[in-house]
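Each reported figure results from applying straightforward, stated rules to the coordinates on display, with no laboratory input. All values reported here derive from a predicted model rather than from experimental measurement. Here the Cβ positions follow ideal geometry from the backbone for every residue, glycine too, while neighbour counts run over all protein chains shown.
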Amino acid sequence: MTRASRILRNIVAGLLLLFGIAILLVWWVVQRALPKLDGSVSVPALKEGVLVDRDPWGRPWIRAKSVEDLVTAQGYVVAQDRLWQMDLLRRAAAGDLAEIFGDIALDIDKENRTLGMRVAAERAAADSSPEIRGLLDAYARGVNQYIQERTKRLPIEFLALGYKPRSWTPADTYLIALYMNKTLTSTWKEKLNRQWIVQKVGPDRARDLFAEDSPLDHFIVGDEAAGSPPPKQEGGAQTTERASAPDSDSPPFPPREWDAARAFLAQFEQESSEIIGSNNFVVSGAHTLSGKPLLANDTHLGLGVPCIWYLMHLTAPGWNVEGFALPGAPLIIIGHNDRIAWGFTNSNADVEDLYIETFDPANALAYRVNGEWRSADVRRETIHVRGKPDVILDVVVTRHGPIVDHDPPNEFHKGVSGAYALRWTALEPGGLDFGVPLLGRAQNWGEFVETTRHIAGPGQNTIYADVDGNIGFTIPARIPIRSSGNGALPVPGDTDAYEWTSYIPFEELPRALNPPDGIIATANARTVGPAYKYYLSDRQAGPYRTERIYELLSGRTGLRPTDCNEIQNDIVSLPNKFLAGQLVAAAHVVKPKDARTQQMIGRLGRWDGRATADSVETAFVEYTRRALFRNLLFPYLGARVTDYELWEPESVYNNVWWRDKVFLENTFRARPPAWLPPGFPTYDDLLVRSADQAAADLETVARSSEAGAWRWGNLHVLDMAHPLGRTRLLHSLLSIGPYPSNGTVDTVRAMGVGHGPAMRIVADLSNFDNSLMEITTGESGEYASPYYRDQFPEWFAGRGIAAPFTDSAEDAVRAHRLLLLAAGGTASASSAGTREPPR
């Protein structure tokens, strides 16, 4: 061997050695952050020992001798799996993201600082009842115990971003709750865009566009013929403990990595912007095999890694509840105890109003109120920015709330005068009343309803079932009663004519018990009919998922949990079936110019409406609809309408709530001459020419001229990104996907690009051991954990995962046991106040 060969061999060997050392170092860093799941660990914050068992999916069952210790242990256990997620969410709500991501995160920080979300959360914590404050303090003690013991072994995201978390406080829990509230109720940007649209198309066309009524609506309350609908309207910062400063002042990732983190936060944001919402339904024993109710729920949000929900079972004196917790909040949000079950979908109750304030040109803080000038308050916010000086934000606050926008803020709002102040129920005193976690101790309908008295929002379509056979529905929330109008558009703020007079009285909130047909289903569409006394909203989603659920349930008997799971995963699109029928009929009158259009319309005559990943029919109908909207609306909205072709985030259609497919179906049923666009002699011509355009569009996006290659799943992929795992190797390690996906936003399995059911539950009131529960990824947010993504295959396939509940069923599947020891405690199961399970 020559000397040069030996040198080359040594260099290669050295590089391989260094590579191996690097791999081992990364493995060591990742592995050392994993929590302890077996044995015992000291948790001095506890008063007595607590037992934590986990099943083969890593789902914890926590047993304690007091509620205080139960919640402390919950905080500790959730932090074991989701600490960085919890920290990221509280930072997003408080407006502290720029401190770790740099100035690229300033816009979202400024928005939440302007809203005063930290101020509202701290006020709510200070004003909370002794019971709620005790729960929040206990939860914080558990989280902080874990932070303290893991200071040098934090999750890898903290290491990558170079910072450490500050202590958890009760206000942090309110911040996360408020962030969820914001995403489920925020309407003010959409109201500005709606105002612009009304100005462009005029009030008559606006009434058509923002159609409320559909023949497919199912009303749970207010469905009587009597009654009339409500009138319609046209058309200084708080001091907090600061986290340790990042190790480096430079932003740790390029902008595209911030985009990934922002996509993760969109798990909350997307429900409000996409209208894909959620499903829930409950049937009485008349429809089931057992003779007892079945209750199903799946909440649809943006999908990322880790999942926004966390599954667990909590047991203490007076409590035995299993279901879905929100990381950062105590107890269970959706689930069941040993007597009742409950679930939620967003009702879209309108709890925000925009007021156009008139300011004095000679005095920037003077605004007019009933003919007199009043001085606005100023709240100063200091935003820490990584690698740059602090940003000072002065927030002007009127009697209605903070100024959130000015004219002209952008091209949407040209010609609209004023500064816009936001009034939002969540920012009002008591607007964050925290009653949802207490639902888990209710034992019957009366106790359940009484507990909802303490829920300020967000307004949810709440369904209920109990072991006695009752099923029920209510919408608990603080919903404003307005002096005039309905708040759909900004209103003058210099008069009292549009003020809120009060909230809908608790006793008069929508409520129903044991309907005659034994079925209650909601899916973000209208649940309250025109005979109901009060106005809730005109911002509902289309009725298609609700209608499909009723189709699948009506007349059925012998239902089992697996049948409900199949309904949750149904992929028949009713609006696509309607449009397919219109196209087939139109093609008999007007011949397509594109031979592929003729071929595709021929296939539609035999199509069942199922949006499978392989379906070319779904892709064709979806793109035809986009072309129809482009042709219908371009004469009125101009070039901005072309955004709809690619469904870009900044499209006017994605920034305003409207029942778009209801408008389209109403238009094609009635075929009014006023909506027929120039250049199209008939509606049949409009349909067929739009289908020709869809064929051309599909050739472009699918990169194939062959219609057989236009498979829906290739255009409709699921890609669940970790905030730091968006690109290349990190994506393959940390993220999930991309995978061709079935379903559409209008199928019961509501799947958008990056959105879908973030959880599923089917609760069997005859035997809770037969219940099914699952989340999208896994319990753990730690990449090296076996529970990081283990639930994904079952969730994606829609198979459902068994959720044992009784002691014997839980013991039979135990995979881990961890004893949390109080100060001076010993390692025995009995110290946790539980019996030793049989071996």
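Details
- For residue 799 and residue 709, the difference between the fully extended length at 0.36 nm per residue and the C-alpha to C-alpha distance is 29.6 nm.
- Building the convex hull from the alpha-carbon atoms of segment 80-124 and averaging its projection over directions returns 3.5 nm².
- Per-bin percent of Cα-Cα distances, segment 532-627 [5 Å]: 2, 11, 18, 18, 15, 12, 11, 8, 4, 2, 0
- Global geometry of segment 686-728, whether rounded, prolate or oblate, following the gyration tensor of its Cα atoms and the 1.5 cut on a/c: prolate
- The phi-based Karplus calculation (6.51 cos²θ - 1.76 cosθ + 1.60; θ = phi - 60°) puts the 3J(HN,Hα) values of segment 446-459 at x, 5, 4, 4, 4, 5, 5, 4, 9, 9, 7, x, x, x Hz, whole numbers, x for Gly and Pro.
- Close amide H partners of residue 46, meaning residues 5 or more places away or on another chain with modelled amide H under 5 Å apart, are 823.
- 12 Å beta-carbon shell around residue 564, net charge (K/R +1, D/E -1): -2
- P(r), alpha carbons of segment 682-811 - 5 Å bins starting at zero, rounded %: 2, 9, 13, 15, 16, 13, 10, 8, 6, 4, 3, 1, 0, 0
- Given charges at beta-carbon only (K, R positive; D, E negative), |dipole| of segment 490-569 in Debye: 400 debye
- Residues whose placed amide H lies under 5 Å from that of residue 338, excluding near-sequence neighbours: 320
- Orientation-averaged projection of segment 80-236 equals 15.4 nm² [convex hull of Cα atoms, one quarter of hull surface area].
- Amide H contacts under 5 Å for residue 40, placed H, 5+ residues apart: 819
- Every Cα-Cα pair of segment 513-556 was included, and the share exceeding 11 Å stands at 70 percent.
- Derived scalar couplings ³J(HN,Hα) [segment 70-77; Karplus, 6.51 cos²θ - 1.76 cosθ + 1.60; whole Hz; x for Gly, Pro]: 4, 6, 4, 5, 4, x, 5, 5
- Sorting the segments 789-796, 70-77 by their residues' average number of neighbouring beta-carbon atoms within 10 angstrom, most packed first, yields 70-77, 789-796.
- Each residue of segment 569-580 was assigned a 3J(HN,Hα) from its phi angle through the Karplus curve 6.51 cos²θ - 1.76 cosθ + 1.60 (θ = phi - 60°); the sequence is 9, 5, 10, 7, 9, 5, x, 6, 5, 4, 5, 4 Hz, with glycine and proline shown as x.
- Cβ-derived FRET efficiency at R0 45 Å, residue 634 paired with residue 450, nearest 0.05: 0.25
- FRET E, pair residue 212, residue 733, Förster distance 51 Å, beta-carbon r, rounded to 0.05: 0.60
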